[in-house]
Amino acid sequence: MKRNKEIVYQYLQANQDEFENGFTTADLVTPLSMQRTNLSTILNQLVSENRLSKKAGRPVLYFIKQEGMSEQVESVFEQVIGGKKGSMENVLSLAKATILYPQKSLSALMIGQDGTGKGYLAETMHRFAQEQGLIAENAPFVSLDVKDFLLQGEGLGEVFSQLRKKTSKYFVDGGLLFIENIDLLRIDDRSEIFELAAEDDRGFYLICAISDQVSGEMRKRLDGVFPVKMNFPSLEQRPLSERFAFIQIFFAQEASRMKRTIRINSEVLRCLLLYPCEQNVAQLKRDIQMACANAFMRDINRHSKAKVSIFLSDFSTDIRKGFLFYSAKREELEAIIPDQYDYIFQKDSQTFKREHDHKVYTSIYEAMEKRAEALQKDGLDNQTIAGILSDSLEANLERFSHQIKPEQFERSSLSKVVPEWLIIEVEGFIEELSRTLDTVYSSSILYAMSLHLTSSINRGGGVEVRPYQMLKSPVYRRNRHRNIRQQSLS
């Protein structure tokens, strides 16, 4: 129980800001993977040792009495995407607790799919230990992958015997040892790693990793050996904002390597945000590197070497699968990557800037034609382009209505370019829509829809406008369903 008590206390110290207003046993069950009854016993022991205080009530609230940790505790972990109030927050809390535990005796197990950043976090933990003065600046970091040894027909027995030999390349004393895929270890090597994990005075940090597919008796055994378990989210489980943060970093890195400015349109970035990455962050990085290499080779003989443009055709065809998920993620996607922008990544900056297409379109079709032309240049087929334009029609209509200036809202001016009968039909539709949805629409909607339908007539040879047909539109159905939900909750 003493060992678990120190794990709990180190975790609380590493997360003092989160627990500033107190915490309960229930707050610790999930992050520490401990039973509530055991946690209650441990917390009361810490209270008796004057390291915590508690306030009676339902539930009982506990408070940390020790002074706050050094401000430097957060520094190196701030670079980890998703750390603060993100998908990696709990993982980082456990990582800090592992490093801060006395005598480097707390071993940890990372669990996650390939490419989720387990190796990167192990290196970050090593830097954190250096930053905190817990290991020397030149302390070794040794990273091993059991798969590599198996491919060579070797085990890790010889490696384990050299961990404390200063002349060995595997010397790790006073540093951090990271071993991936330990579930693949030979039986005799497993006993070695289990003994290392149990040692209180081994003299170095031990971090191991397995796939989230490991189960059964092997998983139970590993869970019993390693007191700290960090579960890594896949890239698909992370919010799009975190995925976009990775994309920014990777393009900025490539711009720095090429010593060129990289220009990308919104369609490419949207595909990168949505396409399936089976190898997670690692695959996303490789795909971006490959596209940048293709673009670099394409533009290498051009006169202007200051910038490189990245197109969908520079990526593998798998990237285009991102368009399949556009409809389901449209609102979240457009909040991150709005239309009519190019994104610029510069060689001397880790951030990006957006350049807006300031052209004001007189027709929704004009805006959609421009987008279709850009998609065709990227090599997309007509069916895919039609699907994308269909999904974005509502957004185009809304954007087009916002482009109309307030001083233009005069019906007499509109009647000069739109037939009177069409204006009457649109007015009737908007009135019916307003009654049905109990919503007041601005006059810009009348202008936008009237001009849009006029353009349709001029292009297509005629259109019959019937409100009952328009009420069947996806826009109406979505708003109607939302209205029904609101009524049911009121």
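Each value in this text was obtained by applying a stated rule to the coordinates, not by laboratory testing. Computed from a predicted model, the values in this text were never measured in an experiment. Using ideal geometry, Cβ is built from the backbone for each residue, glycine included, and neighbour counts are taken over all protein chains shown.
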Too long at a 27 Å Cα-Cα cut-off: which of LYS259/LYS321; LYS104/LYS220; LYS169/LYS347; LYS84/LYS118; LYS85/LYS229?
LYS259/LYS321; LYS169/LYS347
Contact order relative to length of the stretch 72-231, as percent, for alpha carbon pairs under 8 angstrom and 6 or more apart
34 percent
Take MET218, MET258, MET297 and order them by how many other Cβ atoms sit within 10 Å, fewest up front.
MET297, MET218, MET258
The long-range amide H neighbours of LEU61, using H built 1.01 Å from N in the peptide plane and a cut-off of under 5 Å, are LYS55
In whole Hz, what ³J(HN,Hα) sequence does the stretch 151-162 give by Karplus (6.51, -1.76, 1.60; θ = phi - 60°), x for Gly and Pro?
4, 8, x, 10, x, 9, x, 5, 5, 4, 6, 10
Could you give P(r) for the stretch 72-231, binned at 5 Å from zero, as whole percent values over all Cα-Cα pairs?
2, 9, 19, 23, 22, 15, 8, 3, 0
Alpha carbon Rg of the stretch 150-284, scaled by the compact-globule rule 2.2 N^0.38 Å:
1.41
In a shell of Cβ-Cβ distance under 13 Å around ARG243, excluding ARG243 itself, what net charge do Lys and Arg (+1) and Asp and Glu (-1) give?
0
Whole-Hz couplings from phi, Karplus 6.51/-1.76/1.60, listed for the stretch 19-26; x for Gly and Pro:
9, 4, 9, x, 8, 10, 4, 4
Per residue, the convex hull enclosing the Cα atoms of the stretch 240-360 spans a volume in Å³ of 110 Å³
Output ordering of 193-203, 147-157, 174-184, 9-19 (per-residue mean of other Cβ within 10 Å, highest first) is 174-184, 9-19, 193-203, 147-157
Distant-in-sequence amide H partners of LYS307 (H built 1.01 Å from N, under 5 Å):
THR261
The long-range amide H neighbours of MET230, using H built 1.01 Å from N in the peptide plane and a cut-off of under 5 Å, are LEU109, MET110, ILE111
